[in-house]
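Right, one structure below, let's go through it.
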Amino acid sequence: MAQGSNFVDYVKVCCRSGHGGSGSAHLHRDKFTAKGGPDGGDGGRGGHIILKGSSQHWTLLHLKYRKHIIAANGGPGLSALRTGADGKDEVLEVPLGTVAKDAETGEILFDITEDGETKILTPGGKGGLGNWHFKSPTQQTPRFAQPGLPGQEQWIILELKVLADVGLVGFPNAGKSTLLSVVSAAKPEIADYPFTTLVPNLGIVAYRDNKSFVMADIPGIIEGASQGKGLGHRFLRHIERNAVLLFMIPADTDRSLAEEYDILLNELTAYNPELMDKPRLLAITKSDMLDEELEAEMAETLPKGIAAIFISSVSGKNVQQLKDMIWRAIND
């Protein structure tokens, strides 16, 4: 199976909630009562379509081929003031970080960020009132009741934005996957060609005193990604949910360190200016190939206003110091 074939972060589904049940227009009759009053019960409400956050899911794959989500209708009201059964709700479990949008208007309805959190996506129709609601001194035996309200039908877009404490940002082959594989148990694909990583990878990084944080390897950005080049917007949205951004630039880059950093920064700014409000760190990767003199020379060309460190995932150089920097940035 090709890499990423089971990672789905975008689905479009048609949601149809249940119709409300009709109220009852029943009049009470038994062997002792020839002309009893109205006793028709209310109809049950139609089933809702509900999103529920689940920490056990990390992709929307289970919804990819389920294009129509249909909830059950409410039951009709019954005699003796009995209310009809509510329609069965359709509960869709989604990974944390899922955003629900109206497909026609693009309006963001809500997002799911906590395990067990539930929100109604498409409400069911309200059940109709039974005839006992309409009795009065001048109308003692109403022979009518309300019909139930119809359910709603709408196309919904569900987008997953990966939740992580720190997101790795860099061009292809900057060493993001290698770092993630070294500091966590994640096993991302690693190779010496561009766009090896085609899906975001998450790893839990162990820290001092049994503490930990979540690191996300975001697929490589290229110049022009904010205009749709390369993987384009497909994965830029995952960066929005990271608390700290770790920019990664390889020591063997053809550009200067400041120039490459500025290009990455410009792409994020063009995509979403609010990303500039997040704490940022800079790691110069593959620095095991540098001697002290060359590293000192390159340090003078580092971009201003950002904490930077030279690391090597292969040799382990400054990896623990990088984790310390990340932990401080997360908890500031």
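The values are calculated or read from the model by the stated rules, or taken from the named source; none is laboratory data. Since the structure is predicted, the reported quantities are computational estimates derived from the model, not experimental observations. Here the Cβ is made from the backbone with ideal geometry for all residues, glycine too, and neighbour counts use every protein chain on show. Surface accessibility is based on the protein's heavy atoms, side chains included, excluding ligands, DNA and RNA. Shrake-Rupley method; radii C 1.70, N 1.55, O 1.52, S 1.80 Å.
Tabulated data for the structure shown
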| quantity | calculated |
| --- | --- |
| Filter result (part of a strand (DSSP E or B) and either closer than 19 Å to residue 153 by Cβ or not β-branched (Val, Ile, Thr) (or both)) within segment 114-134 | 119, 120, 121, 122 |
| Exclusive hit being over 25 Å from the mean Cα position of the chain (by Cα), over 18 Å from residue 175 (Cα atoms) and either surrounded by 13 or more Cβ atoms within 10 Å (Cβ to Cβ) or at pLDDT below 90 (or both), set 292, 267, 274 | 292 |
| Subset tally (residues that are touching a residue at least 40 places away in the same chain (Cβ under 8 Å) and charged (D, E, K, R)) for segment 244-278 | 3 |
| Extreme residue, farthest from residue 23 (Cα to Cα), among residues of segment 150-162 that are surrounded by fewer than 23 Cβ atoms within 10 Å (Cβ to Cβ) and modelled with pLDDT under 95 | 161 |
| Members of segment 198-245 found to be at pLDDT below 85, open to solvent by 40 Å² or more (accessible area, probe 1.4 Å) and closer than 15 Å to residue 181 by Cα, listed by number | 202 |
| Test: residue in segment 48-69 that is more than 27 Å from residue 162 (Cβ to Cβ) and buried (at least 18 other Cβ atoms within 10 Å of the Cβ) | yes |
| Any hit, segment 298-309, residues being among the basic types (Lys, Arg) and under 16 Å from residue 178 (Cα atoms) | no |
| Strands (runs of 3 or more DSSP E) fully within segment 240-314 counting 2 or more residues that are out of contact with any Leu (no Cβ under 6 Å at 6 or more places or on another chain) | 242-250, 280-285 |
| Strands (runs of 3 or more DSSP E) enclosed by segment 1-113 - at least 2 residues per element that are touching a strand residue (DSSP E or B) at 6+ places or on another chain (Cβ under 6 Å) and within 29 Å of residue 147 (Cβ to Cβ) | 10-16, 49-54, 68-70, 90-95 |
| Candidates 174, 145 - the one that is among the aliphatic types (A, V, I, L, M), in a loop (DSSP other than H, G, I, E, B), open to solvent by less than 20 Å² (accessible area, probe 1.4 Å) and more than 21 Å from residue 68 (Cβ to Cβ) | 174 |
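Listed here are the residues, each with its yes/no results for (1) at pLDDT 95 or above; (2) open to solvent by less than 40 Å² (accessible area, probe 1.4 Å).
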| residue | (1), (2) |
| --- | --- |
| 71 | yes, yes |
| 77 | yes, yes |
| 84 | yes, yes |
| 88 | yes, no |
| 111 | no, no |
| 122 | yes, yes |
| 128 | yes, yes |
| 140 | no, no |
